[in-house]
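Have a look at the structure below, then the notes.
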Amino acid sequence: MTYRHIGKDFTPPDIVSKVTGKAKYSEDFQVDGMVYARLLTSPMPHGKVKNIDLSEALAMEGVIGVLTADDVPPSQAPNPAILTNEPVYVGDPILAIAAVDEKTAEDAISKVRVELEPLPFTTSPTDSLRPGGPSARTEGNVFIQREMSQINWSDEDLQRFLDGKEPTGEAPTEWSFGDLEAGFDNATVVMEESFVTTGYAHMCMEPRSVLSYWQNGKCHVYGSTQSQSFVVPSLAEQLGIEQKDLVYVSEFCGGGFGSKIASYPVLALPGYFSKKLARPVMLRITREEEFYVGSARVGFQGWIKAGFKADGTVSAVDLYIVQDLGSQGTGGDASSAGGAVSILYQPDAMRLRAIPVLTNTTPRGAQRGPGQNQIAAIFEPMLDKAARELGIDPLEIRRVNAPDSSARINANQGPVTSAYMVEALDKGGELFNWKERKKRSGQRNGSKVTGIGVGQGYHSAGESGFDGLVRITPDGKIHLHSGVGNLGTYSYVSTTRAAAEVLNCSWENCVVEHGNSALHLPWSSYQAGSNTTFTHTRANYMAAQDMLTKIKEIAAVTLGGAADDYDVADERVFNTGDTTRSMSYAEVARRSIELGGRYSGAEMPDDIHQVTQRAVQGLAGSGLIGVAKDVLPVRGTVPGLAVAFAEIELDLETGKHEIIDYLAVAECGTVVHPQGLAGQLCGGAVWGFGMASLERHVYDPQNGLPANVGYYQCKPPTYLDVPREIQTAAVDIADPDNPMGARGIGEPAMGCATAAVLCALSDALGGHIFNRTPVTPDMIINHLAKQPQSYAKLAMNTF
Amino acid sequence: MEIVQHKNDIWGQEVLLGVSWDLLWLVVVASFAVIIVHLLVMALRKRAEQPATEGTRLNRHAKSDRIFHWVMAISTLVLLFTGILPIIGVKFGWLTIHWISGIVLTASVLFHIVRALFWQDPLSMWVAPKDLREPFDSSQKPGKYSLAQKGMHLAMTLVVLVVIGSGLVMLSLIDTPFWTRGAWLGEGALGWVFVLHGLSTLALIALSALHIYFGVRPEKLFYTRSMIKGWISEPELEAHHDPARWMPDKIV
Amino acid sequence: MNARLSRRRFIKGVIASSVAAASTSAWYSAAQSDRPQGSVERLLTINVNGKKRRVDVLPQETLAHTLRYKLGLTGTKLGCNRGECGACTVLVDDMTHYSCSMLTHSVRGREVTTVEGVQAPNGDLHPVQQAFVDELGPQCGYCTPGQVMAAVALLKANPKPTRDEARIAMSGNLCRCGAYDHYLHAIMRASGQRT
Amino acid sequence: MSAHDVMPDIELYQPITVEDAVALAERHGENGWLLAGGQDTYGWLKDRAKHTSAMIDLNAIDALKGIRELAGGIEIGALTSLTEIQNNSSVVAKFGLLAEAVAHVASPQIRNMGTLGGNLVQDTRCWYYRRGLSCYRAGGNTCYANTPEGMNREHAIFGASRCVAVTPSDTAPALVALEAQMVIVGPDGERIVAAEDFFVGPNVDIRSMTTLETGEVLTAVRIPGKWATSEYYFEKVADRNVWDFALVSVAAVMKLNGGNITDARFACGGVACVPQRLPAVERAVIGKPRNDETGLAAGAIASNGAVTLNYNHFKVPLIENLVRRAVRG
């Protein structure tokens, strides 16, 4: 199908301000009377505040006031608190001080005497699970079905797990399908591996600074979130106010990657502080604080057993995961990992068992492909190992297992909307010249050896049921109201192009309204889970369809005939039988105001969200309103799929590798925004490289101190740690459940890269797999020198 | 002036770090002051006639005791210098010399204790109540050791035992060719160990200064000679000791 | 104070008569104790984007701070405030510098260029900026001003860099979104090597 | 231990002569802080992990800048930027080892701002120490890194003495290999120290990584002509290729005659508190051809005497491999 806007590049309305520096992020705002807050954070991994002596601090000139845990609502464990009297990790905020400037606030912070009583702490899930092991919180050590509880294994259970034997310890999460035993019986090769993936910090470029003030009973918050409308209910709840009393501005968000999906504690802090002080409060978050409060990936310690038939098809998978939730986390990663395995390899039978354990490390949350990408890093190299044993080409073993549109997913073995993984593998194989390149595998060039790898990534990539809102004003402008957050994918705008497509209008006449709840934005999904493209092309399509119907109705009412007699083009509605009977969109908008009712927004559908209702109320009478909830059918899980190919050169003397070539192929339905898709594939790749071999989360287990609070210790990839150039491609087959044929892609774009690099490393090492992330030069050197590795069995806390 | 220094432990809580080295200057100044006062007092006093060094030579210190004394003395001085010089800014690789000297001192002290307790007369060094009359009663002369010597020995014993005890704890916390450092002591307790080591070091500086000063005073020089050569003369014995309480063997 | 150390010998340049300048800003306010003898003068004229700006600058104040909070040039971003990300990159005499990691007092007599100063006087985007737009360089955009400045400096020094030269020149600018490829495409485009 | 980010009040002095700088440094003593490029300084002060009441900014002293030819060798002012050194034709032509080492420092911006002197006297990157903990190096009475479960992958395998920190400098091993001399001016005048003696280990001074005393200024680095245009090898292995410190680096210069090595000097970074000379390796390669066989033999003895910690035993094969590569060329 040929489109006017979909599949075409365009200039997003915010990009010029990004290159000129005019884009305003939360910390760029200044308001009169603003005071500056700084945090006092916990020096110990777990403790109880016995006493706080503020006398010296508050007596300092320029100090305005203090906000303590007693001034904010308590949180329900294990949710992080805005401020706490029982810090559960080094860096947990205890109190905030505001002053006329930051220096004074910091000077005051160092004058505060906090008396803390140390409590037992742990930095390792398995340490917490041992009999009598320390619990990260006084309420318990595991978080199951939204409740804290306590689980300790027996010594024998723990030892079995650490020894890589089939785990027997209690695992509260369990699901399965198929006959596992039969699956393993049918297998020609059965692999059994223990694994570890490090949960590392998001470290978004923009630290999550927040400005808040109160005006006319409303709380204004300037924050940094991935989502826009989706944040409003959670932030209002955190602030203890009604949604209508919140003005939320997040026009720009300097990176989120899962860490800024909905509201988070420090987003609400200045609201409380500003109310207490009756002055605007700016809370600048530093890089180190961003490490503390900015979330990290859930870490895995696990065991996996997989059976492969002679042709390479996966017959059975038994997966067991101990999750490191840090001091907070929901622990959905394990189940997501299981889901990813279930779709990517289509096993006949599968079981997932998991236990989410809290540790006294930074809070964890979603991070780009939470669960799916950890398991991609583990399963894909294992798949290669099986292929090696079976004498099958790595690309071929993926082809024989690849999901198509009849694929089944998750515990319930539900359907997918569509899937074309074979096409993705074949396209990539051809573009990458896999067959020829594979011959170079293991080739030596001095101290360097070539490794070739292919990896796959998956994430569910679409939701439904959200709202779209479009408006034509009497000046003829088409206002595309986007409640989608501006997290850097440009989906806030690219999804609105579905509406422009329906309305068959020129892009130049469109105005995208976004980034500020005062601009009347509709209810939106969260900008995470790779879902926005699928979800909001639908919602915008629906709103535009509503508008199209109304345009035709207005034309019929005004010019005579039936609505069905009319069509639109060039921002005009015209009678298909007599094209001289036509109205411009501007005229339609003016007419809609006269007509009122559902045309002008005076009336609205019942099924739209209250956020959208308020938006429509705010817009009523300003033009023609198109608004609708997405009620289009969805026949199953919406898969976002990606395949990556990597050629690396590993230096056997230094343990360092260079990625010579990299290709990513997206299988995400119709391409909506080619440059944006390439951006996601490249960005995902860079994240994938980081996870595969660089990024870390290091704690001293003896005292709970984090080693990597800054960028140079966290080691996100730089220009020189990624390939010279990245190639991207897309399968570009429409998904039937999206009116534009599109699905999401952001997260699988990372998992496939992690997997491809780790597979290439394994290939270069003749098939050795490390079963962990990251794989760093020291591990490779130790392996090659036939030395033991320095980390203990299943230790997560390594460099 | 602070007596001890504090630091923040790994969790930012205040713990002891060690003695305040400002005390070092206090101790040095105080020791010199004592010495100067003593010098002045002695200069004003009428100089007593020195007993003759001729005559029968009497055995005061056996060769083995003398060797041990000087081994202890040298190791203590080495320990003091290697310990103190870096603190006052003289930089060199002191630690290895320091702990090896510490082991030498410890071994000597242990040997001395065992030998003195089981093979010698420990009571000859013990301060008995009647000894306390010694300074006030010129007629009462000591046996082998004067009250001053006994007092010095007792003080040295206490201080050296503390310095050795704390030093051994510290030794267990550094790497040597024989073991890798332990981590069995919490930071609070470690601070106490450093305080004890520091205080005993300061006391040792003062005691050593006095000991050396008295060792080189003209009227006491014969003791030093006896610690080098082993003997005192009969007139010296008669002038300073009560032969009834201590009659050493003649050297043949 | 040492008699040899007259202030005139300390300080290069002439300090003009005192003019009160706006001096309260985010991190530091004006109410500071007086300058001790020999220390730098607080009132400073700095050359930013071709304009002379008079500012009251504390001795320990970083250039990023002065730019952002005293001159309102918030295009210069603080990603780490430790010289580990490059978001605060500005040009000082056409060389890239981390403005978070230099004192404002060190740019006296030097030319500072920020992202606000690279557009043409008529408002046209700088070729680097235009290429960043055309290649959809920025994702979240937070590192972008720093990337723009590093690219501008590179093309000033080397109008036709190879992709490898560009990678090295840009390597002091982190991008967490991983938009490196698109930025490099943009540099190739701005230097006329990619269409 | 909150995450401080703003420097407290500090006075700033900008002297224009070395004498003034020395006088100021002497006057402020322990409370003074000499400021070169500042790329190490500001982090310490913003973190409030170290304190100073007076920064003495050396950047206005022209005499400390620039690269001058010496008989056969060169003299580099301590305040010369790393970028200038990297691009200096004389350095590139005569002392490629230094040019290459400089090119591996941190990031382009840091090389633009950072100076040779600052790179040489920068403090160690031990993460415990950098957190502002009261360890031995910070005047405390313990080491947190060398503990039974201490995270010490980046720490020393040679020369540890209570403290196990390593030198973070990329230029220091190169200058030790080149037999550079450090020109130091203090209240008592000038003294010249061999690069090798300029750096001190924790056994000698656990608080400072150099012999610089309070009140002294490193004014220049002189590189004698001895190794000019010699064969050289530099390699730095770090996790990242930008903004990272060496896990192990090797800097080597060699003289060849008739295919055989007649003289050689090796220094390694990232393995000890000081640039680690490898005299045994130097002895072993002299008289041998510069090939892989010699390299393998030399590499095998490069790690002699190494003492490893919990997480850093990979540095043993790594230093062996790097020395092998250095010899092999």
Filtered residue count, region A:667-697, keeping only those that are touching a helix residue (DSSP H, G or I) at 6+ places or on another chain (Cβ under 6 Å) and farther than 24 Å from residue A:200 by Cβ: 5
Extreme residue, surrounded by the most Cβ atoms within 10 Å (Cβ to Cβ), among residues of region A:1-29 that are more than 27 Å from the chain's Cα centre (by Cα) and at pLDDT 95 or above: A:20
Matching residues, region C:178-195, being more than 22 Å from the chain's Cα centre (by Cα) and within 19 Å of residue A:203 (Cβ to Cβ): C:178
Helices (runs of 4 or more DSSP H) enclosed by region A:606-717 - at least 3 residues per element that are at positive phi and at pLDDT 95 or above: none
Selected residue [closer than 18 Å to residue A:95 by Cβ, surrounded by 20 or more Cβ atoms within 10 Å (Cβ to Cβ) and either within 14 Å of chain C (Cβ to nearest Cβ) or touching a residue at least 12 places away in the same chain (Cβ under 8 Å) (or both)] from A:257, A:273, A:252: A:273
Checklist (1) within 8 Å of chain A (Cβ to nearest Cβ); (2) over 17 Å from residue A:725 (Cα atoms); (3) crowded, with 24+ Cβ neighbours inside 10 Å applied to residue C:125, failing item: (3)
Residue match in region D:205-228 (condition: touching a residue at least 12 places away in the same chain (Cβ under 8 Å), within 28 Å of residue B:175 (Cα to Cα) and not in a loop (DSSP other than H, G, I, E, B)): yes
Residues satisfying the stated conditions in region A:737-761, i.e. crowded, with 24+ Cβ neighbours inside 10 Å and either of a type in the set (Gly, Ala, Ser) or at positive phi (or both): A:742, A:744, A:746, A:749, A:751, A:753, A:755, A:756, A:760
Qualifying positions in region D:13-34 - assigned to a strand (DSSP E or B) and surrounded by fewer than 24 Cβ atoms within 10 Å (Cβ to Cβ): D:32, D:33
Matching residues in region B:56-113 - criterion: being over 15 Å from the mean Cα position of the chain (by Cα), free of Cβ contacts under 8 Å to residues at least 24 places away in the same chain and crowded, with 18+ Cβ neighbours inside 10 Å: B:82, B:86, B:94, B:98
Residue within region A:229-237 that is at pLDDT 95 or above, touching a Ser or Thr at 6+ places or on another chain (Cβ under 9 Å), among the polar types (S, T, N, Q) and in a helix (DSSP H, G or I) present: yes
Every residue from region C:160-187 that is more than 8 Å from chain A (Cβ to nearest Cβ) and either of a type in the set (Ser, Thr, Tyr) or closer than 19 Å to residue D:244 by Cα (or both): C:162, C:169, C:172, C:183
Residue list for region D:296-312, filter: over 22 Å from the mean Cα position of the chain (by Cα) and crowded, with 23+ Cβ neighbours inside 10 Å: D:298, D:299
Per-region count, region C:99-122, residues facing chain A (nearest Cβ under 8 Å) and touching a Gly at 6+ places or on another chain (Cβ under 8 Å): 3
Residues (surrounded by 24 or more Cβ atoms within 10 Å (Cβ to Cβ) and in contact (Cβ under 8 Å) with a residue 40 or more places away in the chain) located in region C:47-60: C:57, C:59, C:60
Test for residue D:329: is it under 27 Å from residue D:259 (Cα atoms), of a type in the set (Gly, Ala, Ser) and either in contact with a Cys (Cβ under 7 Å, 6 or more places away or on another chain) or in contact (Cβ under 8 Å) with a residue 60 or more places away in the chain (or both): yes
Only one of D:222, D:240 that is closer than 23 Å to residue D:92 by Cβ and of a type in the set (Lys, Arg): D:222
Single match in A:731, A:698, A:722, A:686 (criterion: over 21 Å from the mean Cα position of the chain (by Cα), within 12 Å of chain C (Cβ to nearest Cβ) and among the β-branched types (Val, Ile, Thr)): A:722
Selection status of residue D:265, within 14 Å of another protein chain (Cβ to nearest Cβ) and among the charged types (D, E, K, R): no
Residue pairs meeting the criteria (Cβ under 6 Å; at least 6 apart or on separate chains; first in a loop (DSSP other than H, G, I, E, B), in region A:1-26; second among the small types (Gly, Ala, Ser) and surrounded by 16 or more Cβ atoms within 10 Å (Cβ to Cβ)): A:5/A:500; A:21/C:75; A:23/A:17; A:23/C:141; A:25/A:254
Number of the exception - residue A:326 against (1) surrounded by fewer than 24 Cβ atoms within 10 Å (Cβ to Cβ); (2) assigned to a loop (DSSP other than H, G, I, E, B): (1)
Pick from region C:61-94, criterion touching a residue at least 24 places away in the same chain (Cβ under 8 Å), within 9 Å of chain A (Cβ to nearest Cβ) and in a loop (DSSP other than H, G, I, E, B), ranking: surrounded by the fewest Cβ atoms within 10 Å (Cβ to Cβ): C:73
Single residue of region A:414-467 satisfying the filter (touching a helix residue (DSSP H, G or I) at 6+ places or on another chain (Cβ under 6 Å), closer than 20 Å to residue A:658 by Cβ and small (Gly, Ala, Ser)) that is surrounded by the fewest Cβ atoms within 10 Å (Cβ to Cβ): A:441
Strands (runs of 3 or more DSSP E) fully within region A:78-166 counting 2 or more residues that are β-branched (Val, Ile, Thr): A:93-99, A:142-144
Residue count for region D:1-49, restricted to those that are within 25 Å of residue A:95 (Cβ to Cβ), away from chain C (no Cβ under 11 Å) and either of a type in the set (Gly, Ala, Ser) or touching a strand residue (DSSP E or B) at 6+ places or on another chain (Cβ under 8 Å) (or both): 3
Qualifying strands (runs of 3 or more DSSP E) (wholly inside region A:245-313; at least 2 residues being touching a His at 6+ places or on another chain (Cβ under 9 Å) and closer than 26 Å to residue C:76 by Cα): A:246-249
Search result, residues across region C:133-147 that are assigned to a helix (DSSP H, G or I), buried (at least 24 other Cβ atoms within 10 Å of the Cβ) and either modelled with pLDDT under 95 or facing another protein chain (nearest Cβ under 7 Å) (or both): C:144, C:145
Single condition residue A:744 does not satisfy, out of (1) within 23 Å of the chain's Cα centre (by Cα); (2) more than 9 Å from chain D (Cβ to nearest Cβ); (3) not in a loop (DSSP other than H, G, I, E, B): (3)
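The values are calculated or read from the model by the stated rules, or taken from the named source; none is laboratory data. Note that this is a predicted model, so its numbers are computed, not measured. Because the Cβ atoms are built from the backbone with ideal geometry, glycine has one as well, and the counts that use them run over all protein chains shown.
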